[in-house]
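Heads up: the structure comes next, in structure tokens.
The values are calculated or read from the model by the stated rules, or taken from the named source; none is laboratory data. Computed from a prediction, not measured in an experiment: that's the story for all the values here. Here the Cβ positions follow ideal geometry from the backbone for every residue, glycine too, while neighbour counts run over all protein chains shown.
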Amino acid sequence: MDNIKPIGDTTYFTLAGIIPVAAPPLDFNFPWHDSLMPIGNDYLAVERSVYECAMAGCESIWIVCHKEMQSLIRHRIGDWIVDPVWTAASRDKYGYAFGSDQEKTIPIFYVPVHPKDRDKRDCLAWSIIYGSMRAFSLSKIISKWVVPDRYYVSFPHGIHSVRSLRKHRKAISDNKKKFYISHKGKTVKDGEYLSFTFDVEDWKKFRRTIREGTGVYEPGSYFDEEENTVKGNKLPIEERYSAKYFSLEKVFGQIDITDQTIFETERYFNIDNWEGYTEYMGSEYAKYVIKPKMILKYHEHNPFGKDNIRDI
């Protein structure tokens with residue numbers, strides 16, 4: 001996952017949004033996915049993350065979810081949204097002559113976790129790592145100029161102010177400094193669902209940590225080709241595939257935020273458990289969380305082509 005753009009070129013800086021959805025289930029036990037928890041009237045947690053990525057200035061959004069959840073989430077969100085800064089209404093507010101045909105759109109892609117990683121290392125951190133890898137590899141096929149330089153992560157289970165990110169767009173897409181949202185001095189390093197950016201060098205460190213997880217056999221085991229068997233003892237069931245349960249601080253705690261851009265948000269709610277969810281829903285802030293319906297409309301791409309059947 002090496003960057004293939006000219007070194008030092010800041011003209012075509014590209015930011016990709018990563019929304020990790022695939023992960024071990026939380027304690028809600030509802031018949032729908034945890035990322036589909038409502039956070040307002042007709043407003044879901046995963047939709048808030050899509051809106052956040054758009055507000056942060058992402059050129060593409062990648063939702064990492066298990067295959068069986070793709071159709072439901074896509075049915076709710078669609079294939080693309082309008083950049084909230086480049087809508088006709090938004091530009092007209094600031095005195096720009098702007099037509100709806102010039103609105104900037106942001107494509108949304110749905111990435112399933114690879115079957116070989118399913119139930120083995122598909123923790124929330126791995127969703128971020130795998131999603132960014134797919135964003136890189138698929139973008140590289142299209143053109144080197146659309147390969148992401150940086151990745152912006154938005155967690156569905158972390159609620160904070162989205163609209164305040166608009167004035168920080170330039171800092172989020174800064175080619176020199178990374179961007180971290182903080183609350184009371186805590187960031188993703190501390191296991192909080194607070195958004196951040198990372199690059200390819202960070203990605204390599206994150207993947208190295210995930211690879212420290214166990215497999216089926218004890219460390220040092222190997223495959224004997226002559227006997228066609230594995231030499232080594234199996235780990236107890238509860239110790240196998242430990243990476244599946246790696247926490248955010250386990251993988252991202254190594255991040256060095258010294259001399260980076262830190263944005264301290266006034267409000268933050270962790271809704272990955274029932275107590276935190278009820279605290280958010282009972283707060284004054286929840287009363288003012290309104291779905292941006294002009295942005296989060298369902299949009300679907302037209303089919304590439306269909307058989308033109310004529311009556312003969």
Report summary line: Within the stretch 141-186, the residues that are of a type in the set (S, T, N, Q) and over 26 Å from PRO292 (Cα atoms) are SER143, ASN175
Query raised in the report: Within the group ASP190, ASP122, which residue is crowded, with 19+ Cβ neighbours inside 10 Å, among the charged types (D, E, K, R) and touching a helix residue (DSSP H, G or I) at 6+ places or on another chain (Cβ under 9 Å)?
Result: ASP122
Report task. Have a look at LYS189, LYS170 and point out the one that is free of Cβ contacts under 8 Å to residues at least 12 places away in the same chain, within 28 Å of TYR268 (Cα to Cα) and not aliphatic (A, V, I, L, M). Result -> LYS170
Requested in this report: For the stretch 277-284, state whether one or more residues are at pLDDT 85 or above, surrounded by 10 or more Cβ atoms within 10 Å (Cβ to Cβ), touching a strand residue (DSSP E or B) at 6+ places or on another chain (Cβ under 6 Å) and polar (S, T, N, Q).
Outcome: no
Query - Index of the failed condition, ARG121 passing every other in (1) at pLDDT below 90; (2) closer than 18 Å to PHE246 by Cα; (3) not in a loop (DSSP other than H, G, I, E, B) - result: (3)
Query raised in the report: Across the stretch 26-43, what is the number of residues that are of a type in the set (A, V, I, L, M) and without any contact (Cβ under 8 Å) to a residue 60 or more places away in the chain?
Result: 1
Query raised in the report: Can you find even one residue in the stretch 219-227 that is closer than 22 Å to SER164 by Cα and assigned to a loop (DSSP other than H, G, I, E, B)?
Result: no
Requested in this report: Kindly indicate the residue of the stretch 137-166 that is at pLDDT 95 or above and either part of a helix (DSSP H, G or I) or aliphatic (A, V, I, L, M) (or both) and also surrounded by the most Cβ atoms within 10 Å (Cβ to Cβ) among those meeting that condition.
Outcome: VAL153
Requested in this report: Six or more apart or on different chains, Cβ under 8 Å: which pairs go from a residue in the stretch 107-124 that's touching a residue at least 60 places away in the same chain (Cβ under 8 Å) and small (Gly, Ala, Ser) to one that's surrounded by fewer than 19 Cβ atoms within 10 Å (Cβ to Cβ) and in a strand (DSSP E or B)? Could you list them?
Outcome: none
**Report entry** Residues located in the stretch 239-271, provided they are part of a loop (DSSP other than H, G, I, E, B), farther than 27 Å from ASP174 by Cα, at pLDDT 90 or above and touching an Asp or Glu at 6+ places or on another chain (Cβ under 9 Å)
**Finding:** PHE246, ILE271
Report task. Run TYR152 past the list (1) closer than 21 Å to THR14 by Cβ; (2) more than 15 Å from the chain's Cα centre (by Cα) and report the number of the one that doesn't hold. Result -> (2)
Query raised in the report: What tally of residues in the stretch 203-232 results from selecting those that are exposed (fewer than 10 other Cβ atoms within 10 Å of the Cβ) and modelled with pLDDT under 75?
Result: 8
